[in-house]
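These notes concern the structure reproduced below.
The values are calculated or read from the model by the stated rules, or taken from the named source; none is laboratory data. Quick caveat, the model's predicted, so the values are computed rather than measured. With ideal geometry, Cβ positions are generated from the backbone for all residues, glycine too; neighbour counts draw on all protein chains shown.
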Amino acid sequence: EGGENRICDLLNHSERVKKSRVQPYLEEIRDRVFLLLTPKKGGGKMSKFCTGLVVGVSFLVCNLQIISAEVISLQPITVSASSEFKKEEIFDLGYSARTYSRQDIEKTSATTLLDFLKQTPELNISDWYGTGVKANVDLLGFGDNANSNILLLINGRRVNEVDLSGIDWTQIPLGIIDRIEIIKGPGTVLYGDNACGGVINVITRKKVPPQLKTIISTEFGSYSLNKETIEVSSGSEKLNLYLNANHHSTDGYRRNSHYRSQNYYFNINYKIEEDLSAFLESGYHNYWYGLPGALYDYEIGTTYSRRDTKYPWDNALMEDSFVNLGLKKEFSPEFKISWGLNFRNKNGKDNWLSYGNWNFTTDRNIQSLGSRLEVYKLFRIFNKENEILMGIELYRADFSADKDDFSVFNSDDWTDIDRKTKAIFVHNKISVMPNLSLALGARVQREKFEFDYIPLAGSSVDDSLSFTEEAYEACLNYKISETSNIFLNFDRGFRVPKTDEYFSTWATPPVNKSLLPQKNKTIVAGYNAILTPKIKLQSDIFYMKVDNELYYDPLTSENKNYPRVVRKGLNLSLNCQPVNNLNLNFGYRYVSAKFDKGDYNGKKVPAVPNNIFYFHLAYSAFDDKLLIYFDTRYRDKEYLINDMENKVKKLDSFWVSNLKLVYKPKDNLELFGGINNIFNEKYSEYGSTNAAGSVRALYPSPERNYYIGIKVKF
């Protein structure tokens, strides 16, 4: 306690404190940390974490040169996810939002988007194969259905698929990202389907330096990893141009977990007139990856090693391209209009070739066309500032699949499903009092599905269904000061069934018209504050009730509606900067998800851990020439996917720690390297069981691995 009091006194002193006065106290605290945290022989996961913490703390304590009492303000966060026009500070928002800038991303050990999302305290990530191509990203405890209940936007463009194939998180190179915004709570009103479990909005780089700039980087690592990237950017007062091309190849941790991709992306921002601007972006992404499948727990270490597979020939190929066009007209600061149009074409082929007489392949194509018009108006009512945002959204997706069956059934069938969406929405925010604002929103969405199915033998299907859904939200925000606020919001949202939830060739009839859209009611309350110029806190609690939740029933092999599921939880995020060259982030997430009513009443939802803890450290030395990034993540035990009865042994908890070093000998040269899973934890992020609960099928995650790279700027 004496050491803590002395160091606190020094930190609060108004003068710059020299090393000669501080170092004895730092060394004393270092010694106490060693005594308290050094793990005993034979320690488990906590011991490994403590060892990493001891190493990090002792390094910093012994190498700090000066503790400065100068004020370094942590800047307020600005989010733009609510609209193209509305860029609000987080303290003006009536809902929970986190935003991460390009600088935040660079100050981590992440090399991919999924790597970075794993380092955020809000999300639970389950990477199937360790390559990021297939992963569950869960914000509010939806477990295996998370990807259908979280909306991914790239510059406002929907990326979620209309089928259950999930989101490809590798399609977004980390280098093109300018900012990431994560929204919990209201999202359905502005964005519609898939947003009931949250929104992740990725904003790419648009404003670039005026001079021509080129960045070339390459990276090599374990499992035959190699990446090459080139970025070119140029800007002027009227025109901004950014291009990115990259190649990514790895054999993967497990046999047949390879991943090969090529990615090309560009965007152009052109200021046509002072009040009129245009935006064009386009991208092409192709990739080929292996499907190693699961291993039973009793096979690992006996019949197979963690790196083996039982399915050596299964693989998938994808080709994805898009064009996104936008126009924005500002008649005045109080009146603006924007319009966007986007087209996407995705072709894929799944090859299931490891089953002998049961082999088959499926060719899939998804074409989508979307358009969105927004009108923003700021005016006064009863001398109170009032903002209104109105819009129309149109979306059409055409899904087709051609299956070639080489099995004993020798079947061949063709499926075509069209989805058409029309929606109108309105969102109004009024300043009730100088520090109190109220936002109300509503959305009406019309859906139409058309199903066509032609089998090799048997009856064809020509069917359709239509329905209308509604969403509402209310957000109340009280701004305590310029750097703190409390908020409360209510959201009533929905999720529309996916194409392959509605349709199955094995069902009778193939189109399940009795399947209903799920509906959710969510309440989120929170507190945000810059507590001191060096400490920032974000916190929230939530309660969600979902009726008619869409889920897969392993007992009947059908997609069904579950009567009710209740979720509740909290998030805490603390960022502090004790000294100029040290930044610390602490995060904690608690989520409880249980079935309410029905066959599994009182049981926990599978694949939802109760607790997740996260710690991140960023340290710079030698005038920012040496950068050190360390992060560690703990995930609690969780029930296996399909274990609705909670009778199978849980998926094990784990601690995973990563380290990255960056050395900048020159302003235009960067050398970097890192170690993932420093303590060689043997774990699995993803696991399932069968309907009987007789097996534990695991997807082993990568062990300790390394990478090095170089980045050159011209």
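Structure summary
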{"item": "Matching residues, the stretch 696-706, being surrounded by fewer than 20 Cβ atoms within 10 Å (Cβ to Cβ) and among the aromatic types (Phe, Trp, Tyr)", "result": "Tyr706"}
{"item": "Whichever residue in the stretch 334-391 is without any contact (Cβ under 8 Å) to a residue 12 or more places away in the chain and more than 30 Å from Gly156 (Cβ to Cβ) and, among such residues, is nearest to the chain's Cα centre (by Cα)", "result": "Gly356"}
{"item": "Residue match in the stretch 77-84 (condition: β-branched (Val, Ile, Thr), modelled with pLDDT under 90, part of a loop (DSSP other than H, G, I, E, B) and in contact with a Ser or Thr (Cβ under 6 Å, 6 or more places away or on another chain))", "result": "yes"}
{"item": "Residue under evaluation Ser504, criteria (1) under 28 Å from Glu89 (Cβ atoms); (2) in contact with a Pro (Cβ under 7 Å, 6 or more places away or on another chain), criterion not met", "result": "(1)"}
{"item": "Filtered residue count, the stretch 353-377, keeping only those that are under 19 Å from Glu319 (Cα atoms) and not charged (D, E, K, R)", "result": "7"}
{"item": "The lone exception for Leu151 - which of (1) farther than 19 Å from Lys521 by Cβ; (2) under 16 Å from the mean Cα position of the chain (by Cα) it fails", "result": "(1)"}
{"item": "Tally, over the stretch 677-713, of residues that are more than 30 Å from Lys666 (Cβ to Cβ), in a loop (DSSP other than H, G, I, E, B) and touching a residue at least 24 places away in the same chain (Cβ under 8 Å)", "result": "16"}
{"item": "Strands (runs of 3 or more DSSP E) completely within the stretch 95-209 that count 3 or more residues being in contact with a Lys or Arg (Cβ under 8 Å, 6 or more places away or on another chain) and surrounded by fewer than 24 Cβ atoms within 10 Å (Cβ to Cβ)", "result": "96-101, 177-184"}
{"item": "Residue within the stretch 189-202 that is over 23 Å from Pro497 (Cβ atoms) and modelled with pLDDT of 90 or more present", "result": "yes"}
{"item": "Scan of the stretch 456-474 for residues that are of a type in the set (Gly, Ala, Ser) and either touching a residue at least 40 places away in the same chain (Cβ under 8 Å) or over 18 Å from Asp398 (Cα atoms) (or both), ordered by number", "result": "Ala457, Gly458, Ser459, Ser460, Ala471, Ala474"}
{"item": "Positions within the stretch 226-245 being crowded, with 21+ Cβ neighbours inside 10 Å and under 24 Å from the mean Cα position of the chain (by Cα), in sequence order", "result": "Thr229, Glu231, Tyr242, Asn244"}
{"item": "For Glu273: the one exception among (1) over 17 Å from Asp178 (Cβ atoms); (2) over 25 Å from the mean Cα position of the chain (by Cα); (3) in contact (Cβ under 8 Å) with a residue 40 or more places away in the chain", "result": "(3)"}
{"item": "Some residue of the stretch 617-627 being buried (at least 16 other Cβ atoms within 10 Å of the Cβ) and under 21 Å from Ser126 (Cβ atoms)", "result": "no"}
{"item": "Within the stretch 154-190, tally of residues that are touching a residue at least 24 places away in the same chain (Cβ under 8 Å) and within 18 Å of Arg419 (Cβ to Cβ)", "result": "11"}
{"item": "Checklist (1) out of contact with any helix residue (DSSP H, G or I) (no Cβ under 9 Å at 6 or more places or on another chain); (2) farther than 30 Å from Leu389 by Cα; (3) at pLDDT below 95 applied to Ser338, failing item", "result": "(2)"}
{"item": "Conditions (1) within 22 Å of the chain's Cα centre (by Cα); (2) surrounded by fewer than 21 Cβ atoms within 10 Å (Cβ to Cβ); number of the one not met by Tyr253", "result": "(1)"}
{"item": "Candidate set from the stretch 273-330 (those that are part of a strand (DSSP E or B) and among the polar types (S, T, N, Q)); member that is farthest from Lys346 (Cα to Cα)", "result": "Ser277"}
{"item": "Among (1) touching a Gly at 6+ places or on another chain (Cβ under 9 Å); (2) buried (at least 19 other Cβ atoms within 10 Å of the Cβ); (3) not basic (Lys, Arg) - the single one Leu476 does not satisfy", "result": "(2)"}
